[in-house]
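The values are calculated or read from the model by the stated rules, or taken from the named source; none is laboratory data. Treat the numbers as computed from the prediction; the structure is a model and nothing was measured. Counting neighbours? That spans all protein chains shown, and the Cβs are built from the backbone with ideal geometry, glycine included. To get the accessible areas, we keep the full protein, side chains included, count just its heavy atoms, and leave off ligands, DNA and RNA. Shrake-Rupley method; radii C 1.70, N 1.55, O 1.52, S 1.80 Å.
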Amino acid sequence: MRNAVTLILRIAVSAVLSACSALAAELPPVEALKGQMGAPAGAVAVYEPHLSVGDRHVAIRYVGYPAVDVFERILGKGWQNRAGTVEFRALDGYVSRLPVRRFLKEKAYLVFARQNGAPFTVDNVQQNERDVPLAPYYLVWDNVSNPALIAEGARNWPYQVTEVTLVTLSDAALLPKGLPPRHREGAALVKTHCLNCHKVNGFGGEKFEGNLAEIARDFREAEFLRLLLVPASERGDSTMPSLSDRLPEAERRRIAGAILEYLRAVPVLP
């Protein structure tokens, strides 16, 4: 029954998004992937964003394959020309959607182990979680040789990844008729910072129920802004990440304000 409900929800979400899935692939077990790749996995050193706080960078060495090589094996040659977005789905309902062009410009890896043999887990410091399983696959970025990636924090590092899909998406659900143009930036910020876990009008992740536009309207302004900036200050047991502490404080507050203004302004679709 649960599988049937999940399928119905995914079909409904796809309709709302006007998303056309070009090609989807369930990631194979690690040993099967090794056989398909035809080459040994390599080690990659990254600054682990789930462990790094402020100016303290924690280096971890993982084992895996370049993401573009995996895509070519499981999605086929020419994958980069078939759609504009790569969608990653995780066991916990987290959904990450990243532009295809980003993978052609920056180095990303699908990893499945730690090089030193330690458990394939991580402490998610900002979300008050310890020993979080990363398997079966974890998308990591080479932020050691590209420090600009550090400012993003962990939002584009999905773990427990089971499925990769090439999709073409429409933002129609986020920018419905009647939304003043000045809120377009807020829509983009919500898409960047909130919709891996939450949904607005059906667009987003599957980790939490409810329409974030409706949820935000139940909060007083000061409470919601604190929830975005320091989640634990509003809810001590919150596992929600704060806006990246790698950004200047004034920019974090500007982003939080724009997000709230958008969520209060966007028409709520049935």
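Of the numbered conditions (1) assigned to a helix (DSSP H, G or I); (2) under 29 Å from Tyr138 (Cα atoms), Phe208 satisfies every one except a single condition; which is it?
With (1) assigned to a helix (DSSP H, G or I); (2) under 29 Å from Tyr138 (Cα atoms) applied to Phe208, the lone miss is (1).
Can you confirm whether Tyr94 is at pLDDT below 95 and either under 16 Å from Gln160 (Cα atoms) or hydrophobic (A, V, I, L, M, F, W, C) (or both)?
yes
Residues of the range 147-176 being open to solvent by 20 Å² or more (accessible area, probe 1.4 Å) and at pLDDT below 90, which ones?
Taking the range 147-176 first, the residues open to solvent by 20 Å² or more (accessible area, probe 1.4 Å) are 147-148, 150-152, 154-155, 159-160, 162-163, 168-172, 175.
Residues satisfying the conditions are Pro147, Ala148, Ile150, Ala151, Glu152, Ala154, Arg155, Thr168, Leu169, Ser170, Asp171, Ala172.
So Pro270 fits all but one of (1) outside any helix (DSSP H, G or I); (2) touching a helix residue (DSSP H, G or I) at 6+ places or on another chain (Cβ under 9 Å); (3) more than 24 Å from Trp157 (Cβ to Cβ); what number is the exception?
Of everything listed in (1) outside any helix (DSSP H, G or I); (2) touching a helix residue (DSSP H, G or I) at 6+ places or on another chain (Cβ under 9 Å); (3) more than 24 Å from Trp157 (Cβ to Cβ), Pro270 misses just condition (2).
Give the range 74-97 a look and list any residue that's crowded, with 17+ Cβ neighbours inside 10 Å and touching a Leu at 6+ places or on another chain (Cβ under 9 Å), or say none.
Ile74, Leu75, Trp79, Gln80, Ala83, Thr85, Val86, Glu87, Phe88, Val95, Ser96, Arg97
Residues Arg246, Arg217: which one is basic (Lys, Arg) and exposed (fewer than 15 other Cβ atoms within 10 Å of the Cβ)?
Arg217
For the range 37-53, give me each residue that is outside any loop (DSSP other than H, G, I, E, B), under 16 Å from Asn116 (Cα atoms) and of a type in the set (A, V, I, L, M, F, W, C). Give the steps one after another, and end with the answer.
Applying the first criterion (outside any loop (DSSP other than H, G, I, E, B)) to the range 37-53 yields 37, 42-47, 53.
Now drop any that are not under 16 Å from Asn116 (Cα atoms), which leaves 42-47.
Result: Ala43, Val44, Ala45, Val46.
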